[in-house]
1. Determine, from the Cβ-Cβ distance of Thr192 and Thr110 and an R0 of 22 Å, the FRET efficiency 1/(1 + (r/R0)^6), rounded to the nearest 0.05.
2. Kindly report the accessible area of region 485-553 per residue (heavy atoms of protein chains, probe 1.4 Å, no ligands, DNA or RNA), in Å².
3. Ordered by residue, what ³J(HN,Hα) values in Hz, to whole numbers, does region 40-49 give under the Karplus form 6.51 cos²θ - 1.76 cosθ + 1.60, where θ = phi - 60° and Gly and Pro are x?
4. Taking R0 as 45 Å, what's the FRET efficiency between Val780 and Ser815 from their Cβ-Cβ distance, rounded to 0.05?
5. Hey, rough spin-label estimate for Thr798 and Arg641, points 7 angstrom out along Cα→Cβ, what's it come to in nanometres?
6. My understanding is that a pair violates if its Cα-Cα distance is over 20 Å; which of Lys252/Lys424; Lys499/Lys796; Lys353/Lys461; Lys310/Lys824; Lys415/Lys461 do that in this structure?
7. Can you give me the solvent accessible area of Glu407 with a 1.4 Å probe, rounded to the nearest 10 Å²?
8. Could you order peptides 89-99, 462-472 by the average number of other Cβ atoms within 10 Å of their residues, highest first?
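The values are calculated or read from the model by the stated rules, or taken from the named source; none is laboratory data. Fair warning: this is a prediction, and the values are worked out from it, not measured in the lab. Don't worry about glycine lacking a Cβ; one is built from the backbone with ideal geometry, like all the others, and counts go over all protein chains shown. Note: areas computed on protein heavy atoms with side chains; ligands, DNA, RNA excluded. Shrake-Rupley method; radii C 1.70, N 1.55, O 1.52, S 1.80 Å.
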Amino acid sequence: VAQAGGITVEDGRLLLETHVPRSKTEFWNKFWGPEARADVWLILDPQFLRALLSTRPENLCSLTVMATRHLETLAAKLNDLTPDERREIVACVRILTRCLQAVNEDPDGTFAEAYLWRLPPPPPKGPRPPMPPSEDGEAKAATEEKVDPKDEGKVEAKSEETEKAKGSVETKVEQVEDKKADSKEDAKVEETKVLAERIIMVLGKLFFIPQLTLQSQSEIVVEEDGEMVVEDESSNQTMDSNGIMTNILWEKNLEGNMEESQVAPNAMIDADRVVLLECMLVLLSKPLFGTPSSLETDKNYLAALMTSAKGNPYAPTILFSMLNVILNFQFPPATLYTYLTTYTGQRVELVDKCLQVLLILLDHGRIEAAELKSRHPPRARRTNSEVNAGVMEAPTKEELEDTENTENIYLSFFKELRHPTQIKKLYSCICHLLTACQNPKSFFSSEPLECYSECFVLLWKALEENDKFLETIVSSCDLLELLRPLLYFMFECRHDTSKLGLLYSCVFILLRLSGERQFCVSLNKKYDNSLGIALPSFQGTHGDLLILVCHKVVVSSADHLNSMLNGVLTVISNCSPYLTSLSLLSSVKLLNLFDLVTKKKFLYSAPNNPAYASLLLDIFNNLIQYQYAGCPHLIYAIVRRSRIFYTLARPPILYDEKKQKKIRVSSNAPALEPATDPKKDKKEKKEVSEGKEEKAQGADEEKEKKTGRNPARPAPERVSSGFRPTKAWIQAWHRKLPLETVLRLLDFLVPKFNSTTSSMNVTTTNELLDVIRNTTLVGVLPAPHKIVVNKYVANKVTTSWFSTFLWGVVYLRNSSLYSRDAVKLFPIYEVNDEDEDEY
């Protein structure tokens with residue numbers, strides 16, 4: 001039990017058992033008053049608040065209302081707050097955080113509908129209920145009545161019933177009086193806004209309280225239009241053309257004058273900012289407690305209200321305050337002096353929370369409106385007479401329902417970061433944080449930096465939402481500064497199933513970058529083996545590094561091969577026409593991948609698997625046609641493993657279970673659908689492939705007669721999975737394989753190698769490589785094809801996936817704020833620490 005004046009266990013039990021009116025201010029002040037102690041968090045734990053939501057929701061609403069009202073009172077003082085009042089603000093924000101936790105976990109949302117989005121009813125009018133008779137009158141009636149001694153027991157029973165009835169009437173009277181008191185109390189503060197709007201508005205004001213969340217020694221004045229200005233003669237800045245109050249930004253960077261002296265971070269102020277950001281995080285977390293389908297259909301009204309431009313004057317300043325904190329963060333500190341003067345342990349947590357809140361605000365409303373629930377036409381705002389008449393619906397909820405007319409003000413300002421200097425700062429900050437996350441422990445601090453997932457999502461948001469971002473970084477920034485962290489985390493996450501989402505996000509970002517020619521050309525820069533991952537040592541370029549990491553990811557993620565392979569091979573295919581050289585190691589890995597995807601067990605196991613062989617053939621064709629002189633190792637590897645290509649070119653064999661015999665499927669048979677590009681079926685290709693097939697088929701038949709088995713020919717296909725290949729399906733993909741370039745190369749070089757090795761006694765690899773370098777393919781290969789780049793196209797599925805991934809990151813980084821059993825957006829599994837790969 002807490003000390004006198006503070007909240008006690010009995011007070012908590014009172015909340016659960018009886019209705020406590022808001023007029024009892026002495027009771028509510030126990031939660032945040034000067035005498036309140038840390039024991040309040042032991043009583044108001046999440047389990048207690050969930051029980052309060054189910055048994056006494058009106059008390060939970062009163063606790064939320066009283067905390068919000070107290071915050072509004074204290075926020076109005078701004079410059080006149082005492083240290084005790086600042087601590088009361090922090091306590092109220094923490095109580096709001098815990099109350100909102102329970103509200104968001106409400107499965108049917110009745111509490112939010114009844115209390116957050118409705119105005120309180122007006123005070124009840126009408127005659128008062130009849131009062132119970134007075135005790136004196138009852139005693140007088142009892143003395144006047146003559147009682148027979150035989151009926152004493154009956155009289156006692158009757159008196160007990162009278163006492164119970166009197167107590168019931170008194171209870172009803174108290175409830176009516178309490179409701180009247182609550183209504184009068186609400187009317188006293190002129191509550192013309194719903195509770196949700198009041199919470200969001202007061203949280204916006206709390207972002208800029210001097211000596212609490214704002215490091216400012218000057219006084220702040222709120223003008224009539226809501227603008228906050230600093231009463232400082234030396235500061236002439238108030239509000240810029242974008243509506244950003246530059247004089248009250250937390251820090252200066254993207255907006256504000258960087259030449260002004262920056263104030264060193266304060267640990268206590270950073271801690272208070274973290275408390276405020278945690279409350280905003282919980283406030284916006286309703287999607288966590290809905291199903292994946294509800295992410296696209298249900299409206300997050302609290303997030304819609306917070307991101308709306310109407311009545312939210314602090315939004316631009318909040319956005320750039322969080323962005324500047326992120327951009328100004330330097331980790332690890334360069335010197336001990338820097339650590340002691342500018343670095344605090346709270347700063348790491350503050351950067352994490354700024355990233356998470358910023359991403360949630362930017363992510364709101366990104367899923368297409370067609371998948372949202374049906375919208376209703378917006379209603380006009382209510383008049384004062386309607387408010388006085390007790391209209392129960394919130395004034396803006398119907399307007400928030402119309403997604404087409406609801407603009408995300410945070411996203412709008414993020415899209416307006418178009419100046420090259422701003423974009424370069426944002427890009428450099430993301431690269432710096434990702435590089436710092438590779439070595440998470442600093443020499444001066446044991447606090448690890450683990451915000452890499454948030455950085456990747458922020459990078460994706462910048463690539464998707466700001467059309468100027470990609471254009472600027474491709475033309476003016478070092479893209480390899482970003483490539484190295486991407487490949488590092490892809491390599492390190494390949495075995496960890498809990499980080500599969502991080503791996504996919506890296507592949508998506510690489511896919512977006514690979515559509516730009518400048519990125520592909522930058523891969524030709526020499527790699528110096530400085531990434532610090534367990535790859536074989538090699539001498540080559542960053543293009544070789546990309547191929548080696550992608551190969552490692554594919555072969556190390558067998559359970560997820562199909563879903564990962566398409567994106568990885570598309571990235572390599574987009575870059576392949578611009579790779580001026582390939583090392584021996586990366587060339588061998590490409591051939592290993594081709595051998596993997598052309599094996600019958602994989603090729604015939606799913607309808608889309610032949611597309612992977614086609615992608616790898618496109619890679620080989622691009623390198624042969626456009627980079628032949630710089631890739632002798634790849635040409636030599638193709639010649640050495642020519643059997644794979646000849647086997648793929650041969651008509652496949654299908655097993656007919658009804659007739660119990662093998663059927664050779666001719667690639668020249670009519671396809672299921674007419675060919676869309678007749679140029680692909682060239683006569684020269686048919687003659688070369690058919691002649692090669694006849695020779696190989698004759699040799700195979702002779703070998704098969706002797707041994708009874710032909711290892712070069714695919715075995716009759718019997719697929720154990722649900723998919724069974726058909727003749728039409730095989731014809732459809734086999735005739736479209738781009739094999740002509742590789743087969744022409746092999747038909748020319750294989751005989752040349754055989755004659756060279758036999759006549760000139762050339763046996764070493766270097767000598768054969770010299771033969772390749774001195775050989776020209778003019779007149780041998782077909783006319784060079786056009787370079788085809790498979791660019792990423794924005795779609796609803798990817799947007800929904802990134803939203804789910806973001807919420808997964810938020811939950812894992814803030815698991816103490818949420819109940820595991822209440823989360824329904826994704827399944828949650830426990831992983832033993834011994835089985836995890838730490839990095």
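1. Details: r = 24 Å, r/R0 = 1.08.
Efficiency at R0 = 22 Å is approximately 0.40.
2. Working: 2410 Å² over 69 residues.
Accessible area per residue: 35 Å².
3. Calculated HN-Hα couplings, in order: 4, 6, 6, 7, 8, 7, x, 5, 5, 5 Hz.
4. Working: r = 62 Å, r/R0 = 1.38.
For Val780 and Ser815, the calculated efficiency is 0.15.
5. 2.9 nm
6. Details: Lys252/Lys424 16 Å; Lys499/Lys796 23 Å; Lys353/Lys461 17 Å; Lys310/Lys824 32 Å; Lys415/Lys461 10 Å.
Check vs 20 Å cut-off fails for Lys499/Lys796; Lys310/Lys824.
7. Solvent-accessible area, nearest 10 Å²: 100 Å².
8. Numbers: 89-99: 21.5, 462-472: 17.7.
Going from most to least packed, we get 89-99, 462-472.
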